[in-house]
1. Which value results for Rg/Rh of the stretch A:3-105 when Rg is the Cα radius of gyration and Rh the Kirkwood radius based on the inverse mean 1/r?
2. The stretch A:44-81 to the stretch B:91-158: how many Å between their Cα centroids?
3. Mind sorting A:Lys531, A:Lys391, A:Lys497 by how few other Cβ atoms lie within 10 Å of their own Cβ, fewest first?
4. Order these peptides, A:17-28, A:307-318, A:355-366, by their mean beta-carbon neighbour count within 10 angstrom, highest first.
5. Relative contact order of chain A, please, whole-number percent, based on alpha carbon pairs below 8 angstrom and at least 6 residues apart.
6. Given axes a ≥ b ≥ c from the Cα gyration tensor, I'd like to know whether the stretch A:231-297 is rounded (a/c under 1.5), prolate (a/b larger than b/c) or oblate.
7. Rank A:Ala549, A:Pro129, A:Thr352 by how far each Cα sits towards the positive end of the charge dipole of chain A (+1 on Lys, Arg Cβ; -1 on Asp, Glu Cβ) and give me just the farthest.
8. Placing +1 at every Lys and Arg Cβ and -1 at every Asp and Glu Cβ, with all other atoms neutral, what dipole size does the protein assembly as shown have around its Cα centre, in debye to the nearest 20?
Amino acid sequence: MNQSEENKKKVIVRVCIGTGGLAAGGKEVIEAFKKAIADFCVDIDLDFTCHYQKVGCRGFCARDVLVDVVDGDTSVTYQGIKPDIAKRIVEEHLIKGEPVKEWLIDDSYHAFHAKQLKILLKDCGTIDPEDIHAYVKVGGYDAIKKILSSMIPEDVIAEIKASGIRGRGGAGFPTGVKWEACRKAPGDVKYIVCNADEGDPGAFMDRSIIEGNPHSVIEGMMIAAYAVGSNLGYVYIRAEYPAAVDRLKLAMAQAHEMGYLGNNLFGSGFSFDLRIKLGAGAFVCGEETALIASIEGERGMPRAKPPFPVQKGLWGKPTVINNVETLSNIPYIIRNGAAWYSSIGTEKSKGTKVFALTGKVKNTGLIEVPMGIRLGEIIYDIGGGIIGDKKFKAVQTGGPSGGCIPAELLDTPVDYESLGRVGSIIGSGGMVVLDETNCMVNIAKFFLEFTQAESCGKCVPCRIGTKRLLEILDRITKGLGREGDIELLEGLCAGVKSASLCGLGQTAPNPILSTLKYFRSEYETHIREKKCPAKVCKDLLTYSIIDAACTGCGACKRACPAGAISGEKKKPHRIDPEMCIKCGACFDTCKFASVDRE
Amino acid sequence: MSEILDDIIARYREKDGNVIFLLQETQEALGYIPEEAVGYFSKKLEIPSSRFFGVVTFYSQFHLKPRGKNIISVCCGTACHVKGGSKIADRVLRDLALSAEGETTEDGKFTFEIVRCVGACSIAPVVLVNNRAYAEMSADGTSKILREIKKKESDESK
Ligand SMILES: Cc1cc2nc3c(=O)[nH]c(=O)nc-3n(C[C@H](O)[C@H](O)[C@H](O)COP(=O)(O)O)c2cc1C
Ligand code: SF4
Ligand code: SF4
Ligand code: FES
Ligand code: FES
């Protein structure tokens, strides 16, 4: 770079390359910016130099690719950027100084953020996750330095206890209490394990934190290690998250290089190192004792507790297992103090919680809200309400261990106790919104298919119980339900809940119990009338064409994969019920609403 | 093949002797876990092959059969399910003329899999084609991608 280049002002183009950003073409967008700049350079002498920053998920993935243009003190955010728009932004904004209005973020973007409180996610999406200096610049690794220079382990534990933080992996166990138990457990060798298995199928909080701010997790583990007296940590992470694994490896390498991981850190005498273990695709391995077995190279089967991992964990040594989000909170608590943290949230649930808001809301994405916010605020203010202004039906929280909460309970505050009272859980943070076109029996069956397939088979109530439950749900959705099936479900659910060995079996009935509680009549309609009110259960539907409305355009005939539709052009068409495989293609295709589904 | 396997064994010995690591490396190198590989490990390391198979069958990541050249994974996690993931899965089955998830087409060009959440739930429903995520997919959109790959494949073989 010559002298004059160096004196030019710097413009930063910040591009989301989180999962959503990549899927929407984040990398191509960066290339398009580079190409546009290079093309303009040929003819004009630009008065700035352009720098590119890749950032992780910023929350509002539905608006990807999100691009910030930072010019001195002003920062402008664009949404929905495709490679072919880059040239216009370069020309009109970077060169002529006029932001391209039609691609700027709009009111709904601001509404999405208004009720959020971002602590963890603040740095996710603004700092470059592939550069340790970016984390250091925003105060990163200050917490561990502070601790090593001025706090004894007992002080750290007291601080974490005072903050009131509870585990974000699902059970909500107080983190400080867990650390204390491990500290007090006899033994010289202890381990810290970060649970990044994120098995809930509909959740991506942990993935986004690791991809967007990996150093916060590493720093959290270091603090935990110092507090309990450990020198080695493991991150157990799903192999399905290759980008997160790469980020984490890079972060670890940089931390090593800087002397933030390794021996005698910051001259304190404290040493800590990290290893990564890849999960191999088994939901039950998120359960802590199964996770330990898996790290040890065995089939990941849970065992009975006690002894708890804090007493007898990895390789038989005292082990603290914490979730990614829990650990990521720790540096922020130490930096800002327990009093600050405990001022956020409710009496028994402190701080913020990250949720993956998905399903039928307009604004899907990753959100961080203070504990105690009402469900309705999340769905209507942050989520912007239901897509297509359909009717809200329920919100599913807690994944396969959780439940469905109906419209009349949208005033429920989001905290551990309140969600428990209405038959669900906070869980790890999945929040899937359902509308009137979702069938609740189908949803219950969906979760049972999952838990049944993922049951490790060690104990009979879970292995056989989930199978029986699934069989009953299956026959109800097929129109073969019988009187008494609901009572049978209830009885079996109680049995599986009380007799299973681990959390998977103990919570597997929850999706059934909560839908039975709030949507019992939907079950009854399936069983008695052999009808699916939401029109989801295939076997209970018949497709036919309404003669009077059919224009004979033939679109359905072309769409039908089974060749079940016949008819001459411009004359009413007909569906052969024998051949119809009930795929619904004709229903979706017909522009004249002439296909009837009953 | 034995060279590759010997190399993996050497690295396995350096690590803490972890069977899952050994199998993950094998699959990474060969695309699946051939039975001969298990036999080879079993003999060299004096570990009964039943232990390997126990681990292989427990974890869904491992495949005992070779997979196709193109891997089509349709997400049927919760967020994708409620937005019609299974309709897409049905369509892929039909387009590829397969009868179940996990199968590979006869010409070895495609394997179809159902995955349960790839952590991109806010852009559901998601389809992965050779690990690249496609956002907000429809059955028609997926058919179109399949047609494009098929065309590319047949152009290449010409
Ligand atoms: C079947 C099952 C699956 C679980 N999956 C996860 C998971 O994916 N991630 C996680 O952090 N915790 C998971 N847990 C909870 C862990 O067992 C453990 O409680 C948690 O990691 C502790 O960390 P925390 O105290 O920071 O929440 C799971 C529990 C069960 C029973
Ligand atoms: S409850 Fe289910 S998953 Fe847990 S140990 Fe028993 S069989 Fe395995
Ligand atoms: S539902 Fe599907 S198979 Fe049946 S008639 Fe319509 S398009 Fe054809
Ligand atoms: S991945 Fe870009 S905002 Fe979530
Ligand atoms: S449910 Fe499909 S990506 Fe999460």
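Read-outs throughout are calculated quantities, based only on the coordinates presented, and are distinct from any laboratory measurement. Keep in mind it's a predicted model, so treat the numbers as computed, not measured. With ideal geometry, Cβ positions are generated from the backbone for all residues, glycine too; neighbour counts draw on all protein chains shown.
1. Working: Rg = 13.1 Å, Rh = 13.6 Å.
With Rh from the inverse mean 1/r over Cα pairs, Rg/Rh is 0.96.
2. Taking the Cα centre of the stretch B:91-158 as reference, the centre of the stretch A:44-81 is 32 Å away.
3. Numbers: A:Lys531 15, A:Lys391 10, A:Lys497 18.
So the ranking, lowest neighbour count to highest, is A:Lys391, A:Lys531, A:Lys497.
4. Numbers: A:17-28: 23.5, A:307-318: 19.3, A:355-366: 26.9.
Result, highest mean Cβ count within 10 Å first: A:355-366, A:17-28, A:307-318.
5. Numbers: 1240 pairs, mean separation 66.4, N = 598.
About 11 percent, as a whole number.
6. Values: a/c = 4.17, a/b = 1.72, b/c = 2.42.
It is oblate, given that a/c is not under 1.5 and a/b is not larger than b/c.
7. Final value for the positive-end residue is A:Ala549.
8. Values: 97 positive and 97 negative charges, 304 e Å.
The dipole magnitude comes to about 1460 debye.
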